[in-house]
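The values are calculated or read from the model by the stated rules, or taken from the named source; none is laboratory data. Keep in mind the model is a prediction, meaning the values are calculated, not measured. A quick note on method: Cβ atoms are made from the backbone with ideal geometry, for glycine too, and the neighbour counts reach across all protein chains shown.
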Amino acid sequence: MVQTLVFGIFMAWAGLWAHDSSLTAVPAPNCAGVLNQGGLVVCDGPAGSQWEMGAERQTAGADGRVLFGLARNAASPTSLRMLTPTGLTTEFQLEIATRTDPFRVIEELDCDKVDARTPEQRDHAGRSWLIKQAAFDIFNIGPGVRQGFILPAEGPPSSPFGPERKYIGVSAVTGEPCEKVSVHRGYDIAAPVGTPIHAPAAGTIILADPDLYYEGGTIFLDHGGGLVSVFMHMSKLDTRVGAEVRQGMKLGEVGNTGRTTGPHLHWAVKWRNPDREDRSGDFYIDPALLLGLPAITTGESETQDTEVSATDP
Ligand SMILES: [Zn+2]
């Protein structure tokens, strides 16, 4: 069972600096989020503060906010450190709740149907990979998690984030055994083809492609702060790259495109560190945990609605 902890951290060190009267006006850093493997930590502090969580480092922009994803296998405790522009350092140890995702071994893999095999399929898969990588290099300013997240489609959840499956089989063509380990990194919603898909939070469209090899009709929606929603297997795309969408706006429709076993929406959320150039350290977090995040409506977040415009065709 996923344990959800909504927490707040407040400064406990003010007294340590009381002897230095020039250091009294630093606002307390305030973090909130879901302290669970696959969760997210959202921190506010003075603009320009440098934050470190584990090996990840970020410098807060003018709004003072940074987001840190927690990997599916994040260590606990994890250190969170803030260095303000005035030189104050604060460090916290965060206890991260452990996931208990199921693990299964499935021994009926048809090795000849896994992955792209023909030259045409490989070419299609290769092109699709390049398109996705190029999109993941794009960062927009957006609300991040300020609005909270809503479910992007109506329907029963059919496969949660997290389970790992090991498939074992033999190729009928070559006789060679094969093995494939797969972790489900999205949240599947079972819904018929044509069910509307809505933006779970506001953002900017950075990929809209009707025909990626594995993913089929796909949209990437950049929420800002490094967070990207990924929607796969869509039958219809109602938006285009560059469009700015509001929370709840229709993006397209559920489908059965790409490598699927039936109509559904695969919704995934990737956390990227905007301050790191190397994209290989980015990872998917658990969308279901984001749904538990309360909307944060303090300070500059109130201006966000004036920055997005309706561009849904
Ligand atoms: Zn899925």
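Couple of notes before you dig in:
- Matching residues in segment 154-206 - criterion: being among the aromatic types (Phe, Trp, Tyr) and under 15 Å from Trp267 (Cβ atoms): Phe161, Tyr187
- Matching entry among Leu83, Leu88 (being modelled with pLDDT under 90, touching a strand residue (DSSP E or B) at 6+ places or on another chain (Cβ under 9 Å) and at negative phi): Leu88
- Hits in segment 158-182 - residues which are exposed (fewer than 14 other Cβ atoms within 10 Å of the Cβ) and either among the β-branched types (Val, Ile, Thr) or within 13 Å of the ligand (Cβ to nearest atom) (or both): Val173, Thr174, Val181, Ser182
- Verdict on Gly216 being in contact with a Leu (Cβ under 8 Å, 6 or more places away or on another chain), at pLDDT 95 or above and buried (at least 21 other Cβ atoms within 10 Å of the Cβ): no
- Scanning segment 165-202 for residues that are assigned to a strand (DSSP E or B) and either on the phi > 0 side of the Ramachandran plot or of a type in the set (Lys, Arg) (or both) gives Arg165, Lys166, Lys180.
- Boolean, Ala172 is under 30 Å from Glu107 (Cα atoms) and touching a residue at least 24 places away in the same chain (Cβ under 8 Å): yes
- Residue within segment 114-126 that is buried (at least 18 other Cβ atoms within 10 Å of the Cβ) and not assigned by TED's automatic domain parsing to the domain that holds Cys31 present: no
- Top-ranked residue of segment 232-274 - restricted to ones that are within 16 Å of the ligand (Cβ to nearest atom) and among the charged types (D, E, K, R), ranked as farthest from Phe149 (Cα to Cα): Arg259
- Long-range neighbours under 6 Å by Cβ, at least six apart or interchain, first residue touching a residue at least 40 places away in the same chain (Cβ under 8 Å) within segment 246-267, second of a type in the set (Ser, Thr, Tyr) and within 13 Å of the ligand (Cβ to nearest atom): Gly258/Tyr214; Arg259/Tyr214; His264/Ser158; Trp267/Tyr187
- Single match in Gly217, Gly242 (criterion: in a strand (DSSP E or B) and more than 17 Å from the chain's Cα centre (by Cα)): Gly217
- Looking across segment 184-213, the residues that are within 13 Å of the ligand (Cβ to nearest atom) and under 15 Å from the mean Cα position of the chain (by Cα) come down to His184, Arg185, Gly186, Tyr187, Asp188.
- Hey, Ser229 closer than 23 Å to Arg99 by Cβ, in contact with a strand residue (DSSP E or B) (Cβ under 7 Å, 6 or more places away or on another chain) and away from the ligand (no atom under 13 Å from the Cβ) or not: yes
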